[in-house]
Every structure is written in structure tokens, then in C-alpha cells.
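No lab work stands behind these numbers, since they all come straight from the coordinates. As the structure is a prediction and not an experimental result, all values here were calculated from the model. Reconstructed Cβ throughout: ideal geometry from the backbone, glycine too, with neighbour counts over all protein chains shown.
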Amino acid sequence: SRIIKLAVIPGDGIGPEVVAEAVKVLGAVTARDEVTIETSTFQLGAARFLETGDVLTDADLASIQQHDAILLGAVGGVPGDPRLKDANIERGLLLGLRFALDHYVNLRPCTIYPGVTSPLAAPGVVDFVVVREGTEGPYVGNGGAIRRGTQQEVANEVSVNTAYGVERVVRYAFEVAQGRERKHLTLVHKTNVLVFAGSLWQRIVNEVAAEYPQVAVDYLHVDAATIFFVTNPTRFDVIVTDNLFGDILTDLAAAISGGIGLAASGNINPTGRFPSMFEPVHGSAPDIAGQQLADPTAAILSVALLLDHLGLTDAAARVNEAVAHDLARRTISVRRSTAGVGDAIVTLLTDKVLK
Ligand code: NAD
Ligand code: IPM
Ligand code: MN
């Protein structure tokens, strides 16, 4: 039987709470399959930093790389904790992993599941996917400040866009679009202002488009895209965009789909050279941490993305189906704990209903 080595990084805040449910679901859905999931847990995040001063050591990274995939909860300590002032765990750990493992595709689907209440009055059938670039843009940390702390301080944050980096994520997005029913791709950028990066993105999209004649391509400035996310989200099928625009748009996408607790993501290295990492879009939610209030659905749907990535498409479909089932009846159910939601989904997976 196939053995899958999974690195689990529960992280901070609600991370451990939602990851516990995701791991439960993973166990339940693969119980009948010819696969064995071997998990190793990595204590990384604010607690580890406070204990040891480490964010992500070379040894951690080397060990994580020995795995087939990574499941991550969320990272980020309690805001305002003075002991974390210089830690920057988000950058050191989360971006550290995305960069080191070359997760150049950050895949973030947005679906309004039947029965789920969207804050939009009449959203229609919303089902799109954001292909967010994951290793470049303003996230690279190519910046600096001079005359710090003075009235003359200058702070620069350079957005790095390479032809190589843009082309590979654009190609991936075209492949995704080609495989979907509507075969529609929207480039989202800000070409009217960010002229250098904008023209690179637009040129590469135009060039690659010639190889995908079946894919219809259009363009939106990012500000206008936020309008259509709210007024006409059904217009989207596949979106390809820069790292920072993609970050912002996918929190908005989560909100329109019924809440940040439902939004899953995959940080993918499509070459398979490095393990890909799956995580909810949300953060550590210090405001609700430790109270079993977090919705684990985003983490559980991230497990579905993980299974898909590993080629376990049947198991992935079963998780999606169980989640859809659970969401459809949610309005009539009472408020459940984090574990309550996980247990309900496990029950659906093991129940005859979905067999
Ligand atoms: P957040 O996503 O943690 O929280 C935003 C709001 O959404 C909060 O009100 C929170 O309670 C709510 N929320 C989030 N997840 C939820 C869930 N599963 N169920 C129900 N409600 C949920 O964003 P933030 O407050 O901007 O960031 C908190 C910390 O998390 C920061 O340190 C930030 O840097 C970090 N962060 C980490 C990740 C990650 O690890 N991938 C992502 C985003 C933010
Ligand atoms: C996300 C988060 C991260 C990002 C932060 C915590 C570095 O907001 O995964 O969406 O900006 O990518
Ligand atoms: Mn984000």
C-alpha cells in the first residue's frame, strides 16, 4: 500500500484547533483506501519562537522537505505581544516555506456552496479559482528603509516580477482554465499605474494565450475586480494575478462565499520537486482562539486540495461531497464547536449516506 508522508504544522491561535479536525477527516477518508498517511508534527510558530528563538531552522526545513506534502493551520502570535516584536513569523515561517519550497502557484478556489448564505443578496452560481503568484511581487522582501525613525524616513518595498516567474504561473493558470467548462481566464493587475510589472504580465498573458485558442481571456484592473467580486461574481472562472493582489482578492472571495472559515488554499510546486503545502486562507484568529469557535471547514477543504494534488481524486471528491452535505444543512443546525463540525463531516464520510 502507498505510504504518504505528511508534515503537519498546526501553528498558532486557531491553527491547532482546525488542523486537528482536518487530520481527523484525512484519517477517515483514507481509512478504506490503499494508502497509509504517516504524519509528523512540527512545532513551529509563535510558541516555538518564544521558547527557542527559532522561526524556521535549516534542520526544520530539511526535515519538512522529506515529506510528500504539508498541512498547515495558521501562523501569527497574539497581536501586540512585545516579545514577538522582531520575530516576523509570517515572513520567516510561512513565506519562508513558500519561497524555499518554490510554491509559485497559490491556488484559491471560491465556490458558494448550495445552502450557504452569502452576504451578497443574489450572487448566482459562483465557482471560480484564483491562481495567485506565490514567490514574487512585493512579497520578496526586496526593500529597505533609511533614516529610520526620523521625519525624513524613506521606506521602499520593491515588487519583483521576473519573466520566468510570471510565465510559469500564467501557464499554470491557462492549464487550469483549459480544463474547466467555461475556459475563461481573467488577468487582474493594475497596468494603468504599475506600468513595468503590468506590461510584463499583460505581454506574457498575450503570448501564452496564443497557445490556448480555446481559452477566452480578459483583463481587469484590481480595483474594478473588487467591484465585480461583489456585483457580478459569476463573471469569473479563473483569475491569474500577482501575489499581493491575490492575497487581498482571496479574503474578499472568502467573504462572498460565506465566510473566511470556508476558504481553502494550496501552495503548489507543480514540478513536484518540493512538497506542496495546503492551508486555510485565514490566519490564526487570535480573537477567537482556544474557544472551539473556529470553523474548520477551510482546513478540511484544504485536505481535499491536498488529496487531489496527491492524485487521490476519489478521496478528494468524497471530502468535498461531505463538506457540501454538511454546509447544505447548516442553516437548520445549531451552532457547533470546531470539533463538532469535524465530527459531523467524519460521520458523513463513514455513513452509508455518502457511500
Ligand atoms: P484572520 O484570518 O486570522 O482573522 C480575521 C477574522 O476572521 C477574525 O475575526 C477571525 O476571528 C475570523 N476567522 C478567521 N478564521 C476563522 C475561522 N476558521 N472560523 C471563524 N472565523 C474565523 O486574519 P488577521 O486577524 O488579519 O490575522 C491574525 C494573524 O494571523 C496575524 O498574525 C496574521 O499575520 C496571521 N495570518 C496568518 C495566515 C496564515 O497562516 N496563512 C493568514 C492570514 C493571517
Ligand atoms: C495568506 C496570509 C499571508 C499572505 C501572510 C500571513 C504572510 O495573509 O496566506 O493569505 O499574505 O500570503
Ligand atoms: Mn491573506
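Along the axis of the charge dipole computed for region 119-256 (Cβ charges of +1 for Lys and Arg, -1 for Asp and Glu, origin at the Cα centre), the listed residues Leu194, Ala209, His221 are led at the positive end by Leu194. Between the C-alpha center of region 129-156 and that of region 287-327 there is a gap of 33 Å.
Per residue, the average separation of C-alpha pairs within less than 8 Å and at least 6 apart gives region 82-199 a relative contact order of 18 percent.
Using only alpha carbons, region 119-256 has a radius of gyration to Kirkwood radius ratio (Rg to Rh) of 1.04. Considering only Pro138, Val126, Ala253, and ranking their Cα positions along the charge dipole of region 119-256 that arises from unit charges at the beta-carbon of Lys, Arg, Asp and Glu, the one farthest toward the positive end is Pro138. By the count of other C-beta atoms within 10 Å, a proxy for reagent exposure, Phe278, Phe228 are ordered fewest to most as Phe228, Phe278. By the count of neighbouring beta-carbon atoms within 10 Å, fewest first, Ser284, Ser63, Ser1 end up ordered Ser1, Ser63, Ser284. Magnitude of the charge dipole for region 188-325, about its Cα centre and with charges confined to Cβ atoms of Lys, Arg (+1) and Asp, Glu (-1), is about 140 debye. Remark: region 119-256 carries a charge dipole of roughly 100 debye about the Cα centre, counting +1 on each Lys and Arg Cβ and -1 on each Asp and Glu Cβ. Label sites at Gln152 and Lys5, each approximated as a point 7 angstrom past Cα along Cα to Cβ, lie 5.5 nm apart.
Per-residue packing, averaged as other Cβ atoms within 10 Å, sorts the ranges 253-261, 269-277 into the order 253-261, 269-277, beginning with the highest. Here Glu175, Glu181, Glu207 are placed in order of increasing Cβ neighbour count within 10 Å, fewest first, which gives Glu181, Glu207, Glu175.
Bridgeable aspartates and glutamates around Lys190 (alpha carbons under 12 Å apart, same-chain partners fewer than 8 residues away excluded): Asp223, Asp242.
Of the peptides 110-116, 16-22, 91-97, 49-55, the ranking by mean beta-carbon count within 10 Å, highest at the top, reads 16-22, 91-97, 110-116, 49-55. Hey, with R₀ at 51 Å, roughly what FRET efficiency would Thr52 and Ala216 work out to, going by the Cβ-Cβ distance, to 0.05? For Thr52 and Ala216, the calculated efficiency is 0.45. Summarising the strand pairing of the chain, around 40 percent of its internal DSSP beta bridges are antiparallel.
The orientation-averaged projected area of the convex hull spanned by the Cα atoms of the chain comes to 19.2 nm². Counting only Cβ charges, +1 for Lys and Arg and -1 for Asp and Glu, the dipole size of the chain around its Cα centre is about 440 debye. Note on Gln202 and Arg273: with the Förster distance fixed at 35 Å, the Cβ-Cβ geometry gives a FRET efficiency of about 0.75. Modelled spin-label separation between Arg329 and Asn192, with each label point placed 7 Å from Cα along the Cα-to-Cβ direction: 4.9 nm. By the helix-only formula, in which each DSSP H run with n ≥ 4 contributes -39500 (n - 2.57) and the sum is divided by residues, the chain has a 222 nm mean residue ellipticity of -11500 deg cm²/dmol.
Projecting the Cα positions of Ser63, Tyr104, Ala155 onto the charge dipole of the chain (unit charges on Cβ atoms of Lys, Arg, Asp and Glu, taken about the Cα centre) puts Tyr104 furthest along the positive direction.
A simple spin-label model places the labels of Val160 and Arg235 3.5 nm from each other, with each point 7 Å out along Cα-to-Cβ. If both residues of a DSSP beta bridge must be in region 119-256, then about 30% of such bridges are antiparallel. Taking a span of 15 Å or more along the helix axis (Cα atoms) and a mean Kyte-Doolittle hydropathy of at least -0.5 as the rule, the DSSP H helices of the chain that qualify are 15-30, 163-178, 195-209, 243-256, 297-309, 313-328, 338-350. Here r is the Cβ-Cβ distance between Arg171 and Ala62 and R0 is 30 Å; the resulting FRET efficiency, rounded to 0.05, is 0.50. Applying 0.36 nm per residue to the separation of Val125 and Gln292 and subtracting their alpha-carbon distance, the gain on full extension is 57.0 nm.
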